[in-house]
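> The following block contains the structure, expressed as structure tokens.
The values are calculated or read from the model by the stated rules, or taken from the named source; none is laboratory data. Here the structure is a predicted model, which means the values were calculated and not measured. So basically every Cβ, Gly included, is an ideal-geometry build from the backbone, and we count neighbours across all protein chains shown. Note: areas computed on protein heavy atoms with side chains; ligands, DNA, RNA excluded. Shrake-Rupley method; radii C 1.70, N 1.55, O 1.52, S 1.80 Å.
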Amino acid sequence: MIRRFYKEVTLAEVPGAETLRYQVMLDGRAVKTVGGRPQVVPTQGLGEALAAEWRRQGETIDPASLPFRDMTDYAIDVVASDPARVIANLVTYAETDTLCYRADPDAPLYARQQEVWEPLLTRFESDHGIALVRVSGILHRPQPESAMAALRARLEPLDPFALAGLEAMTTLAASLVIALAAFDAAGEDEPLALWQAVCLEEEWQADLWGRDWEAEERRAKREADFLRACGFARLARG
């Protein structure tokens with residue numbers, strides 16, 4: 001814990017080449033990233049969210065209560081220097097996307113996966129103009145390169161902030177399909193529904209064998225992290 005060293009939190013407008021950008025000020029001093037770069041963000045909404053984290057601090061600063069600060073630093077210090085690496089990592093997840101891997105067709109779980117996952121995957125394919133291979137069992141089957149190329153093209157225009165949020169979401173869900181669907185969702189409740197869908201197998205096992213409170217706590221934390229990353233990416237998009 002660090003003793004609070006500021007009184008006033010404000011949000012400054014920073015002129016950019018094309019649009020205004022935003023930076024949190026603590027007693028008039030501009031916040032920088034952990035790497036020493038100006039912590040300037042692309043939208044007022046994300047700037048206000050960062051400012052709110054600083055305003056919520058009490059007499060001491062709890063670093064764990066500044067998750068948007070950490071994600072912003074990661075976007076600026078890490079993702080911005082090599083967005084191609086992040087995009088390649090995201091496409092790798094798509095090659096073995098959770099929603100494409102199903103139980104054996106004669107297993108009871110398969111019917112549930114078809115009921116929940118197939119409409120989501122079909123809609124995603126329609127939205128992106130691609131076709132993905134479904135796999136029953138654990139043996140890997142490659143996805144069409146045309147689909148992977150289309151997903152790379154979808155990711156390449158995104159800025160480092162959106163990519164940082166998507167990377168966190170995709171890693172937590174083991175699914176680029178779910179992450180992109182949540183990022184693009186029109187409704188406020190859709191990201192939670194998508195997260196719950198990707199947890200189908202965990203929920204199935206819990207119903208079969210009983211619930212373990214430690215596992216439930218871990219899943220609740222992952223859910224909160226997923227929704228936070230989604231909120232971050234959507235705020236960065238404006």
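> Run the helix sum for the chain: -39,500 (n - 2.57) per DSSP H stretch of 4+ residues, divided by residue count, reported at 222 nm to the nearest 500 deg cm²/dmol.
-18000 deg cm²/dmol
> Okay, moving on. I'd like to compare 198-205, 218-225: which one has the highest average count of other Cβ atoms within 10 Å, and what's the full order after that?
Going from most to least packed, we get 198-205, 218-225.
> FRET efficiency for Ser65 and Glu156, Cβ-Cβ distance as r, R0 = 35 Å, nearest 0.05?
Efficiency for this residue pair is about 0.55.
> If I stretch the segment between Ala149 and Val34 completely, what's the gain in nm (0.36 nm per residue apart, minus their alpha carbon distance), one decimal?
38.0 nm
> Label point 7 Å out from Gln57 along Cα-to-Cβ: which residues of region 21-41 have amide N under 19 Å?
Those under the cut-off are 23-41.
> Please give the length that would be gained between Thr19 and Ser136 if that part of the chain were fully extended, namely 0.36 nm times their separation in residues minus their C-alpha to C-alpha distance (nm, one decimal).
37.3 nm
> Before I look further, what does the chain give for accessible area per residue, probe 1.4 Å, in whole square angstrom?
52
> Measure out, as a whole number of angstrom, how far apart the alpha-carbon centroids of region 26-54 and region 213-237 sit.
Cα centroid to Cα centroid, the span is 22 Å.
> If you don't mind, another one. Rolling a 1.4 angstrom probe over the protein chains, ignoring ligands and nucleic acids, what is the accessible area of Thr19 in square angstrom, nearest 10?
90
> Computing the accessible area with a 1.4 Å probe over protein heavy atoms, can you report the carbon and sulfur percentage for region 43-164?
57
> Here is a further query. May I ask you to compute the full-extension gain from Ala185 to Glu118, defined as 0.36 nm times their residue separation minus their alpha-carbon distance, rounded to one decimal in nm?
Taking 0.36 nm per residue and subtracting the Cα distance, the gain is 22.4 nm.
> Give the angle, between 0 and 90 degrees and rounded to the nearest 10, that separates the Cα long axis of helix 67-77 from the longest principal axis of the Cα atoms of the chain.
For 67-77 against the chain, the angle is about 90 degrees.
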